[in-house]
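Everything on this sheet refers to the single structure shown next.
The values are calculated or read from the model by the stated rules, or taken from the named source; none is laboratory data. The model shown is predicted, which means the values in this text are computed figures rather than measured ones. Heads up, the Cβs are rebuilt from the backbone with ideal geometry, glycines too, and the neighbour counts pull from every protein chain shown.
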Amino acid sequence: MRVTNKMIMNNASSNINSTKEIVNTRNKQMTSQKKIDRPSDDPVVAVRSLRLSTTLSQVTQYYSKNIPDASSWLDVTETSLINIRNLMTDCRTLAVKGSTDTYNAEDRSTMITQLEALQKQVFAEGNADYAKRTVFTGYRTNCNLVFTEDENETKYRINQTLTAETEMEEHRYYEGVTKVPTTTGGVKNPFLDPADPDYDPNIKINDMAQTNFYRMRLNYGDIESINKITIKDAKNNEMASFSYYSGAGVIDEDEIDDVYNRDPATEDLVELPASGGFNLISFEDETAWANTIITIGGAEVKAEGEKTVPDNGIIVIKETGDIIFGKDVAASLKNNNATVEVQYDKTGFKEGELRPEYYYNCQKRYDPNDVDKNIPYTKFNENGERIYFDIEYTVAANQTININTEACDVFTSDIQRDLAEMIDAVKRTISAHDKLDEITKMKDETQYASDEYQEYLASWYDAVKKECDYFEDNLQKLFKTELGKIDTYYATISLGITDLGCKKDSLKLTQKRVGDQQETVQGLQSTNDDLDLSQIIIDYTAAYTAYQASLTAAGKLGDSTLLNYL
């Protein structure tokens, strides 16, 4: 085959371009230190690179964002629970001191201040948040657990279930609290003949008395109305049911089985309704309970001035949220391991009280007559099974962790109600001692210097001293009882902290594994995508040398002509 100079020059030009392209490729590789510049350079490397990049992006998301975020959430929750547990320790210390007889008036005043501060702080911790998201409210992270201010117009209809086995307890009630007079006539009045024109039946020396009854306690006091109470045995069979209409709220007509309340016009007591052999009535407060005559079947079963409960009766005190049982009712509920389902309305909540939606099925009621304007909250399904509001973080491929702790798992408003009862017990003791001090001062006043008034004051003193003794005894017994309750709360909170510790340990193991996985994927990606710099330099030098050689050879070919061979 005849080879011409033009063919040689064309081949030389082609070779120069080829070596130049190689030099350019090696130059790009040396600059980027990557094997390919575009997918078409090596499809296999490109596909593997995409897969490894996706995997690395996911692993980095888990390692750098999800896991630290979950860990921070758990840390905030744990810190809050530890603070609450420490507050429980402080409560227990006060309960131990209060259960002894070593407190003077100044100590009792200090105790009230401490208890009120603890009561406020316990649930302030419930509003703990992480990045403006509350940690104890399930997935409603934009809402607070407790009311942050008084909401006097806020109204809820709450459905609460109480269990006789765990929530029925014996409680002491007192009647006949003495009011100390401030005048000589008042001091003398109880000793006058009732026929005397100066006699005032409202001023008298009351004989202090204590009665013990079993009770269950609603988680809220100052209830507006009790709508319905249903008592069921352990097999969910209905033992008794009462529906209630107070005139203050409206419920469906088909829900009203009986109407019972004191007639607002005559103040006469309407006959108590009966269901399942039980009778039930509600009172606004303990004073109304004491001052009301109760009849069943036309027969009087409770006299005026007594805080008693008929054997087959149930008393509801709306002010305190107490449901008090007669002995026959209490025995029946215990024997049947009964539950008491209560639907009630409450209007007005104080700062620091728990929001009902995190504990019960309830409705926030904007208009009792327009159901569409009410907001329902569901905590339990129709079978009574709790609905969980978990927040789950994906911390690794196909692995999630529940990071949130719901408030109902670690503390309830029982803590706040117990602290309120402790405060009330101390206040009543202080009040009784103040009255005793007042009578002691009156004995030294000139207007009471006669033997006659000294005898009157001695009787007053004895009555108030009896009141002091009762309230001191109640304070000690109550605080002893609270010791056991506080220990239970402490144990529940500690269990929650332990559960958080387990989650944190699990998260640390996952973090280590994901960190190792991140390093492995990064290594694989580097092996797939990257070139060794020293090798790139060698390859570039070889390509450049070949390029220079091709240029030299082409130059020499250009100098040669046919005349060189003639």
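Here is a list of conditions, (1) farther than 24 Å from T77 by Cα; (2) touching a residue at least 24 places away in the same chain (Cβ under 8 Å), and D462 meets all of them except one; can you say which number that is?
Condition not satisfied by D462: (2).
If I filter the range 505-521 for residues that are hydroxyl-bearing (S, T, Y) and over 41 Å from the mean Cα position of the chain (by Cα), do I get at least one hit?
Within the range 505-521 (the criterion being hydroxyl-bearing (S, T, Y) and over 41 Å from the mean Cα position of the chain (by Cα)), the answer is yes, since at least one residue qualifies.
When residues of the range 391-414 are filtered for being at pLDDT below 90 and not in a helix (DSSP H, G or I), how many remain?
Looking only at that region, the number is 4.
Can you tell me which condition V395 does not meet? The list is (1) surrounded by 20 or more Cβ atoms within 10 Å (Cβ to Cβ); (2) within 24 Å of S494 (Cβ to Cβ), and all the others hold.
(2)
Just the residues that are touching a helix residue (DSSP H, G or I) at 6+ places or on another chain (Cβ under 8 Å) and over 30 Å from L56 (Cβ atoms), please, taken from the range 387-412.
Selection gives T405, E406, A407, C408, D409, V410, F411.
Here's the yes/no breakdown for (1) surrounded by fewer than 17 Cβ atoms within 10 Å (Cβ to Cβ); (2) more than 30 Å from N336 (Cα to Cα); (3) not aliphatic (A, V, I, L, M):
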| residue | (1), (2), (3) |
| --- | --- |
| P194 | yes, yes, yes |
| D207 | yes, yes, yes |
| G221 | no, no, yes |
| S225 | no, no, yes |
| I229 | no, no, no |
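Checking the conditions here, which among N212, N236, N189, N202 is on the phi > 0 side of the Ramachandran plot and without any contact (Cβ under 8 Å) to a residue 60 or more places away in the chain?
That would be N236, the only listed residue that is on the phi > 0 side of the Ramachandran plot and without any contact (Cβ under 8 Å) to a residue 60 or more places away in the chain.
Can you tell me which residue in the range 226-253 is modelled with the lowest pLDDT, limited to those that are in contact with a Lys or Arg (Cβ under 7 Å, 6 or more places away or on another chain) and among the hydroxyl-bearing types (S, T, Y)?
Here the answer is Y244.
Looking at the range 321-364, which of its residues are under 21 Å from the mean Cα position of the chain (by Cα) and among the basic types (K, R)?
K346, K350, R355, K364
State whether the residues of the range 383-390 include one that is among the aliphatic types (A, V, I, L, M) and either within 23 Å of E151 (Cβ to Cβ) or touching a residue at least 40 places away in the same chain (Cβ under 8 Å) (or both).
So far as the range 383-390 goes, no, none of its residues is among the aliphatic types (A, V, I, L, M) and either within 23 Å of E151 (Cβ to Cβ) or touching a residue at least 40 places away in the same chain (Cβ under 8 Å) (or both).
How about the range 321-347: which of its residues are within 24 Å of T148 (Cβ to Cβ) and either surrounded by fewer than 16 Cβ atoms within 10 Å (Cβ to Cβ) or of a type in the set (S, T, Y) (or both)?
Y344, T347
How many residues does the range 62-107 hold that are in a helix (DSSP H, G or I), within 26 Å of A420 (Cα to Cα), charged (D, E, K, R) and more than 24 Å from the chain's Cα centre (by Cα)?
3
Kindly establish whether A105 is closer than 30 Å to D437 by Cβ, in contact (Cβ under 8 Å) with a residue 60 or more places away in the chain and surrounded by fewer than 14 Cβ atoms within 10 Å (Cβ to Cβ).
Criteria met by A105.
Going through the range 321-354 one residue at a time, which ones are more than 22 Å from W289 (Cα to Cα) and of a type in the set (D, E, K, R)?
Within the range 321-354, K334, E341, K350, E351, E353 qualify.
Would you list the strands (runs of 3 or more DSSP E) that sit entirely within the range 287-338 and hold 2 or more residues that are within 16 Å of E167 (Cα to Cα)?
Those strands (runs of 3 or more DSSP E) span 313-317, 322-325.
Mind checking which residues of the range 505-520 are under 13 Å from A70 (Cα atoms), in contact with a Ser or Thr (Cβ under 9 Å, 6 or more places away or on another chain) and either surrounded by 15 or more Cβ atoms within 10 Å (Cβ to Cβ) or among the hydroxyl-bearing types (S, T, Y) (or both)?
Result: L507, Q511.
Considering only the range 495-509, I want to know if a residue exists there that is of a type outside the set (D, E, K, R) and farther than 30 Å from L87 by Cα.
Yes, the conditions are met somewhere in the range 495-509.
With respect to the numbered conditions (1) in contact (Cβ under 8 Å) with a residue 60 or more places away in the chain; (2) more than 23 Å from E125 (Cβ to Cβ), which one is the sole condition not fulfilled by S64?
(1)
Within the range 167-175, can one find any residue that is farther than 30 Å from Q454 by Cα and outside any strand (DSSP E or B)?
Scanning the range 167-175, I find at least one residue that is farther than 30 Å from Q454 by Cα and outside any strand (DSSP E or B), so the answer is yes.
Considering every residue within the range 462-471, establish whether at least one is farther than 24 Å from D107 by Cβ and at pLDDT below 95.
Yes, some residue in the range 462-471 is farther than 24 Å from D107 by Cβ and at pLDDT below 95.
What residue, among those in the range 127-182 that are aromatic (F, W, Y) and more than 26 Å from A425 (Cα to Cα), is surrounded by the most Cβ atoms within 10 Å (Cβ to Cβ)?
F136
Under 6 Å between Cβ atoms, which residue pairs at least 6 apart in sequence (or on different chains) link something in the range 120-138 that is among the acidic types (D, E) with a partner that is in a helix (DSSP H, G or I)?
E125/S80; E125/N83; E125/I84
Of the residues Y456, Y393, which single one is among the hydroxyl-bearing types (S, T, Y) and under 30 Å from T510 (Cα atoms)?
Y393 is the lone residue from the list that is among the hydroxyl-bearing types (S, T, Y) and under 30 Å from T510 (Cα atoms).
Taking the range 357-400 as the region of interest, how many residues are farther than 18 Å from R140 by Cα and in contact with a Ser or Thr (Cβ under 7 Å, 6 or more places away or on another chain)?
5
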